[in-house]
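The structure appears right after this line, and notes come after that.
Where a number appears in this text, it was derived from the coordinates with a stated rule and is not lab data. The structure presented is a predicted model; accordingly, all values stated were derived computationally and were not measured. So basically every Cβ, Gly included, is an ideal-geometry build from the backbone, and we count neighbours across all protein chains shown.
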Amino acid sequence: MLNNVLNITKKLISIPSITPEDLGCQKFLISRLKKCGFFIEEFNFKDTKNFLASKGTGRSFLFLGHTDVVSPGDIKKWNTDPFVPQVIENVLYGRGSSDMKGAISAMLIATERFLKKNPYHLGRFLWLITSDEEGNGTNGIRKVIKILEKRKEKINFCLVGEPTNEMLLGDCIKNGRRGSLSGKINVEGIQGHIAYPTLSKNPIHMSLKFLNEITKYVWDYGNDFFLPTQFQIYNIFTNNFSNNIIPSFLQIEFNFRFSPLQTVQSLQNIVNFLLKKNNLQYTIQWKLHAKPFFSSSKFLINTLSKSIYQIMKIKPRITTTGGTSDGRFLTKISDEIIEFGLKNTTIHQVNECVHVVDLKNLSQIYENFLSLIFL
Ligand SMILES: [Zn+2]
C-alpha cells in the first residue's frame, strides 16, 4: 500500500504516460478512489482515457487533473532518467513531477485522509481526470464535458491542480485564464518578374504598413486580474523560393491571448478594419482555442487562501497569467473554477522536479481546503 504522497508521485512518474497515453495511471487512481467509496464512470475515446469519480449528494466540488505528461525532449540533457524517479537532496526528479503527477498524488492523499476523518461529510465530492491535456485534447475533457452537459450535471466549485506557483508553494492562485484565438491572413498580390515590379503587386511590400500598425496596436489595458490583451505573429511566409519572382501571396499567422475585456468579435473587427484601412486584398481564417474565463467567487478564493496560509504562512496572489488549461471546458458546467498546484518553474523542461516538502505541504493544503469546503 502506497501511503504517502512522495511514493505515489514516484509510482506515477515511473509510468511513461506521454500524452495521450495513460498506461495504467488512472487504473491505480480508480482503485484507490473506489476504496474510498467513489462511484466511477470511465469515458475512454480512442487513445485517451478519462474518468469521473463521484460520491455523496448536494453542493458539489470537483478536483480536475491529467495523468499525461509532455515528452521528455532531449533525454541526453536530463541528469536522471525522466521516467525513473529519483530524490536528490530532497528534490524529486522526473517527467510529470510538477505537471501534474505530484498534484494528483497530493489530491489522492488529501482525499483519503479527509474521508477517513469525515466519512459522513456534507456535499458531493467529484474527481475528473483525463490523459489528454498536454496534447490536442480532442478526446479529453472537451468530450467528457459534452456528455456531462447533456445529462445536465452542475458543479458548484472546481479546483484544477495545474502548477500555478512561481517562487514558493502557495504564492499564486489562478482564478481565470486568458482566451486564445489564432488566425491566418492571406494577403493577395500579383506574381511577376522582379525586374518589372510595375506589372505585379508585391504582397510583402503592401503588408508592411499593416504589420507595423497591428503590432503596435493597443488592444486594451487589462484590469485588476488580467494582463492587457496581446497579439503575436508567429509565422510569415510566401510560396516563393526564387530571387527573380515577386510572390503571389503573403501568409501571416498570429495568435491573441485575450482578456474578458475583448470578445472574439471585437478582435476580429479590429483586424479586419486594419487590413481594409491599408487597402489589402485578403482572406482570413480564424481558430478559437479557448474563451477567457474568470471566477469572482470570494468564497472559493478565501477558502483556498486560508488553507494555504494555515500551512505555508503566506498569502497567495490571485492572477490569471499563463497559458490555457482544461479549466476552460469546465466553464460549461461549473459555476466557479480556481487553479492551484505545485510550482511551475521546471514544467515541460528537462530535469523537471519538485521539492519533496512541497508535495507533503500541497497534500495538507488540499486536505484543509476539503474540510472547509465540505463542512
Ligand atoms: Zn498540466
* Fluctuation leader among SER295, SER105, SER242 - the chain, Gaussian network, Cα springs under 10 angstrom -> SER242
* To do: Just report the Cα centroid separation between segment 309-375 and segment 1-50, whole Å.
  => 19
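What does the net charge come to around GLU213 if you take all other residues with beta carbon closer than 13 Å to its beta carbon, with K and R at +1 and D and E at -1? Spell out each step's value before the answer.
On the way: positive: LYS209, LYS216, LYS276, LYS277; negative: none.
Taking every other residue near GLU213 into account, the sum is +4.
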* Full extension from SER296 to ASN269: what is 0.36 nm times the residue separation minus their Cα-Cα distance, to one decimal in nm? -> 6.9 nm
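Based solely on its DSSP helices, what 222 nm [θ] is calculated for the chain when runs of n ≥ 4 H residues each add -39,500 (n - 2.57) and the sum is averaged over all residues, nearest 500 deg cm²/dmol? Present the calculation step by step, with values, prior to reporting the outcome.
On the way: 9 runs with 112 residues, N = 375.
One gets -9500 deg cm²/dmol as the mean residue ellipticity at 222 nm.
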* Could you work out the relative contact order of segment 179-289, using alpha carbon pairs under 8 angstrom and six or more residues apart, expressed as a whole percent? => 45
* Quick one: give the max-minus-min coordinate of the C-alpha atoms of the chain along each principal axis, largest first, in Å. => 82, 45, 40
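Nearest-5 percent of antiparallel DSSP beta bridges in the chain? Walk me through the intermediate numbers first.
On the way: 48 of 69 bridges.
Antiparallel bridges: around 70 percent, rounded to the nearest 5.
So how much slack lies between THR321 and ASN212, counting 0.36 nm per residue of separation and subtracting their Cα-Cα distance, in nm?
Working: separation 109, 0.36 × 109 = 39.24 nm, distance 2.62 nm.
Residue separation times 0.36 nm, minus the Cα-Cα distance, leaves 36.6 nm.
So for segment 77-132, what are the equivalent ellipsoid semi-axes in whole Å, largest first, each being the square root of 5 times an eigenvalue of the Cα gyration tensor? Walk me through the intermediate numbers first.
Details: eigenvalues 193, 41, 7 Å².
Rounded to whole Å, the semi-axes are 31, 14, 6.
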* **Tilt relative to the chain, helix 264-277 - C-alpha long axis, 0 to 90 degrees, to 10** => 20
* Asked: Straight-line reach from LYS184: which lysines have a Cα under 27 Å away, not including same-chain ones fewer than 8 places off?
  -> LYS143, LYS201, LYS209, LYS216, LYS276, LYS277, LYS287, LYS291
* Straight-distance crosslink candidates among lysines, where the alpha carbon sits under 24 Å from LYS11 and sequence neighbours closer than 8 are dropped -> LYS27, LYS34, LYS35, LYS49, LYS76, LYS77, LYS101, LYS116, LYS343, LYS360
* Hey, for a label at ASP335 modelled as a point 7 Å past Cα toward Cβ, could you say which residues of segment 110-146 have their backbone N under 14 Å away? => 123-124
* Cα→Cβ-extended label distance, 7 Å offset, between GLN86 and VAL350, nm -> 1.4
* To do: Take CYS158, CYS36 and order them by how many other Cβ atoms sit within 10 Å, fewest up front.
  => CYS36, CYS158
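Can you list the chymotrypsin sites (Phe, Trp or Tyr not before Pro) in segment 214-256 that are in a DSSP coil and have 16 or fewer other beta carbons within 10 angstrom?
In loop regions of segment 214-256 (DSSP not H, G, I, E or B), the sparsely surrounded chymotrypsin sites (Phe, Trp or Tyr not before Pro) are TYR217, TYR221, PHE241.
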* **For segment 102-107, 3J(HN,Hα) per residue [Karplus equation, 6.51 cos²θ - 1.76 cosθ + 1.60, θ = phi - 60°, Hz, x = Gly/Pro]** => x, 5, 5, 5, 5, 4
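Please find the FRET efficiency linking HIS205 to MET167, where r is the Cβ-Cβ separation and R0 is fixed at 35 Å, and quote it to the nearest 0.05. Before the final figure, lay out the partial values.
Working: r = 47 Å, r/R0 = 1.34.
Efficiency computed from Cβ-Cβ geometry: 0.15.
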* Asked: At q = 0.11, 0.16, 0.21 Å⁻¹, what log₁₀ I(q)/I(0) does a Debye calculation on the Cα points of segment 6-128 give, no solvent, two decimals?
  -> -0.41, -0.79, -1.18
* In nm, to one decimal, how far is the modelled label at TRP286 from the one at ASP47, with both set 7 Å along Cα→Cβ? -> 3.1
* Asked: LYS117 versus LYS76, label points 7 Å from Cα toward the beta carbon: distance in nm?
  -> 5.0
* Normalised by the residues of the chain, what does the relative contact order come to in percent, with Cα pairs under 8 Å and at least six apart? -> 26
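Once you have the Cα-Cα distance between ASN223 and THR57, take 0.36 nm times their residue separation minus that, and quote the gain in nm to one decimal. Intermediate results must be reported in sequence, preceding the final value.
Numbers: separation 166, 0.36 × 166 = 59.76 nm, distance 3.74 nm.
So the chain would gain 56.0 nm between ASN223 and THR57.
Assuming R0 = 35 Å, can you tell me the calculated FRET efficiency for the pair ILE147 and LYS34, based on Cβ-Cβ distance, to the nearest 0.05? Don't skip to the answer; put the middle values down first.
Details: r = 21 Å, r/R0 = 0.60.
Approximately 0.95, to the nearest 0.05.
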* What aspartates and glutamates could a cross-link reach from LYS117, if we take a straight Cα to Cα line under 18 Å and drop same-chain neighbours fewer than 8 places away? -> GLU367
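Which value, in Å to one decimal place, does the Kirkwood hydrodynamic radius take for segment 179-289 when every pair of different Cα atoms is included?
15.0
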